[in-house]
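Enquirer: One structure, pasted below without further comment.
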């Protein structure tokens, strides 16, 4: 039982939220059609207890605005500090989650979306890191070993019961008990497959892109993603180039990062279909479930699936994407939606609708976290790795105490207790914004400008 | 032409955002099933120019969290200060709107929803107040008199073109030129009808509720709204009581403020149907277009329409509510969505789908603003008042320099130039949070507690 080991007197004494930013825009990595200058950033939460144990959690952003999410976390912290971890939180996690997402005044500025829901995610993720540490297990293993009723009890099913009930979720987990140990063993041996976006950023030269394809093929990757949507001829050129390098048996996906309207997405993708595209990611607004459904219907005859989810704001929106048959691939993001509890509900819905979860990752900390969730999906929910991957970007892992471990294009299961969310101490000293030593140096040297308001 | 009168050198020199709160929770007014203790609040924006003219705008909140929206406005202001009003903003308002809603880093913490979109609304509303003043007209009249192409040019149609194009919107306005002067004259003479929510708050005694019904009937009201959703027997009791007072020819609407799941909403409303309910408002999550559609389909045979929109986050969500036949009544809110420009697009979509716009109002400043938009709908878009109302709550109007003027249950058209958004100077001195004199007094006397973080 994942509650019995927790001292009833253990309680939260403080929640610290740090504005962490890295100047990644200087290198041009991570840029796409909509986000041309991302500074990979996060608000980094430390939950301190009346014992020495601490929990770490984060939510990802692109830089500016990080301080607004930080302020959201400070507002939430007044609802949380002083609570006992076992009886006020983990033993009634669904109710606790609703209390912080539905605070009677604050919910008006959401509800359950945007800044405040990112703030919730960071805090909730820190609470799961703490819970896993209290059980001395990596998070994927905590989830995998957890009693089905207890796991499902962490989820707030409000607004979901027309498509899934707690009883159905418990039944899914009970079905997943069969051959679970075999899957755990397989995971420990082979890991979980990932695909690479590294060959795909806009702005690389042809030669460099070819070289990257060769490198990632050599590393064992068999699925590759390209950014598209700014110029059709240029998109065709890059698709052709990548197909020349990776051949036609490996998978090629493209990502438009929300650049198109619905009809434009359909027309554009028809003109890329001859490159055997496995999925088109974020063809239009992340809020447009029915728009995605229209696109999915039009592209299905061409063998192109629709993928979305990294900016899908909450379970209610995911529910509609699934109800509308708008997705073949569901790309949950570990730092969006209201943290682990709500993401679990999305996995259950995907299982019920037969939709493959292929998580978004890449931004700072996202790979570290989401690998845990997807490994649990394999051991306990979908129980398969067929046609499933986790995104992988080889960036900023060295900032973490327990970085991802990718071998032969597979994430190897984390072994350290927790959610792999802890940043190194010297990293915080360097990259806390704006007072970290690296930022101060860059301001002084005129490399970047500090905007105050 | 609504641009020719603007000096090309007029520019924005500062944007001030004030955290304004009123302790309305002490009186229990405005409470509903989800929001039990609202302190009607707003972030109040003042745009200063290099001339004496200023623009005022606001976005409404329930108190806590107001400071987070305020911070969002400060982040946006760095993108706006220094711009020339004519050539950088009004002459290309769609592009300006996209620049501030899609800033390459900040959009990640939205996009176009929650805290940041409320912040956008406050700034955009202040810009419209300023524009109307530059033309020396109340906003409804500025919109009514504006050249159709110029008006439509203010709207960013991104993600809407699968249901409406700029050309279609221009055509709607051109159709609306017919008999426009007659409608303006009618409006100036009779005003625009409103309904009252004042009889409907939870927690009133039977006698007080009967007395309020009598009072509002005497004032000329013929449409009344009740809060429901906490207790079915209590709801039936209050519906019966109100029907006894107002009879069966007047309209009765109920509002659940998002309390139910989809199937629960249907079952509950079946048990209220015998009270001849005109609409059920917010039966479930404001994000659940498909859920509302299911409810609307089930309740249609009972003569109950579905209404929602006050917390609908953006035009893309409204689009889906309309596509899914989820609404009979569309309740736009003047302080949500990204301000006037985006709300205009919702009116055009409602016109196309044949859905009635019946705006939400009541919170501080909402009545003052939304009357302008609905009057424009009558003069220029739907061109009818049939089965349409604006909500009215008789609260906090005295805080404004140009308060609403309701006569015989009709909003009379504002005459002062602008968007009726200016707060009185002494009100700011009293209710700015936390340093206003009234808040300081209440802290000192222990009436309310100031939470810091």
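Only the coordinates and a few stated rules stand behind these numbers; no lab work does. This one's a predicted model, so the numbers in the text were calculated from it and none came from an experiment. As a convention, Cβ positions derive from the backbone with ideal geometry for all residues, glycine included, and neighbour counts pool all protein chains shown.
Enquirer: Can you tell me what percent of all Cα-Cα pairs in the stretch B:174-423 are more than 29 Å apart?
Expert: Value for the stretch B:174-423 (Cα pairs over 29 Å): 27 percent.
Enquirer: Taking the alpha-carbon centroid of each part, what is the distance from the stretch B:116-193 to the stretch A:324-397 in angstrom?
Expert: One Cα centre to the other: 43 Å.
Enquirer: Please arrange A:133, A:11 by counting, for each residue, the other beta carbons lying within 10 Å of its beta carbon, fewest first.
Expert: A:11, A:133
Enquirer: A further question on this structure: Report, please, the projected area of the protein assembly as shown averaged over directions, based on the convex hull of its C-alpha atoms, in nm².
Expert: 36.5 nm²
Enquirer: Ordered shortest first, which distances in nm separate the 7 Å Cα→C-beta label point of residue B:273 from those of the other copies?
Expert: Between copies, matching label points for residue B:273 lie 4.5 nm apart.
Enquirer: When the helix-only estimate is applied to the protein assembly as shown (DSSP H runs of n ≥ 4, each -39,500 (n - 2.57), divided by the residue count), what is the mean residue ellipticity at 222 nm, nearest 500 deg cm²/dmol?
Expert: Roughly -11500 deg cm²/dmol at 222 nm, from the helical runs in the protein assembly as shown.
Enquirer: Output the Kirkwood hydrodynamic radius of chain A, Cα pairs only, in Å rounded to one decimal.
Expert: About 22.3 Å for chain A.
Enquirer: Now for a different question. Name the chain A residue with the Cβ nearest the axis that maps A onto B: which is it, and what is the distance in angstrom?
Expert: With distances in whole Å, chain A gives A:114, 1.
Enquirer: Could you let me know the centre-to-centre spacing of the stretch A:53-77 and the stretch A:239-293, using Cα atoms, in angstrom?
Expert: A separation of 33 Å, based on Cα centres.
Enquirer: Please express the shape of the stretch A:244-327 as an equivalent ellipsoid: the semi-axes are the square roots of 5 times the eigenvalues of the C-alpha gyration tensor, given largest first in whole angstrom.
Expert: Equivalent ellipsoid semi-axes, largest first: 22, 13, 11 Å.
Enquirer: Compactness ratio of the stretch A:119-235: Cα Rg over 2.2 N^0.38 Å, N = residue count?
Expert: 1.54
Enquirer: While we're looking at this one, here's another question. What list do you get for B:53, B:100 if you sort them by fewest beta carbons within 10 Å?
Expert: Lowest to highest Cβ neighbour count: B:53, B:100.
Enquirer: Based on the Cα atoms of the stretch A:335-453, what semi-axes does the equivalent ellipsoid have, where each is the square root of 5 times one gyration tensor eigenvalue, given in whole Å with the largest first?
Expert: 34, 16, 13
Enquirer: Follow-up. Throw me the Rg/Rh for the stretch A:319-373, computed over C-alpha atoms with Kirkwood Rh, two decimals.
Expert: 0.96
Enquirer: Let me ask you something else. Neighbour counts of other C-beta atoms within 10 Å: give me B:120, A:393, A:427 arranged from fewest to most.
Expert: In order of increasing Cβ crowding within 10 Å: A:427, A:393, B:120.
Enquirer: Measure off 7 Å from each Cα along the Cα-to-Cβ vector at residue A:92 and residue A:445, then give the distance between these two points in nanometres to one decimal.
Expert: With each label point 7 Å from Cα toward Cβ, the separation is 5.4 nm.
Enquirer: What does the copy distance list look like for residue B:387, label position 7 Å along Cα→Cβ, in nm and ordered from shortest?
Expert: Those separations, rounded to one decimal, come out as 4.5 nm.
Enquirer: Sort shortest first the distances from residue B:244 to its counterpart in every other copy, using label points 7 Å along the Cα-to-beta-carbon line, and give them in nm.
Expert: 8.5
Enquirer: For the stretch A:103-168, what size does the Cα cloud have along each of its three principal axes, sorted from largest down, in whole Å?
Expert: Result, largest extent first: 38, 28, 17 Å.
Enquirer: In cubic angstrom, how much convex hull volume per residue do the alpha carbon atoms of the stretch A:355-409 span?
Expert: Here the figure is 83 Å³ per residue.
Enquirer: log10 I(q)/I(0), Debye, Cα-only the stretch B:132-187, no solvent, q = 0.15 Å⁻¹?
Expert: The Cα Debye sum returns log10 ratios of -0.52.
Enquirer: Percent relative contact order of chain B, based on C-alpha pairs within less than 8 angstrom and at least six residues apart?
Expert: 18 percent
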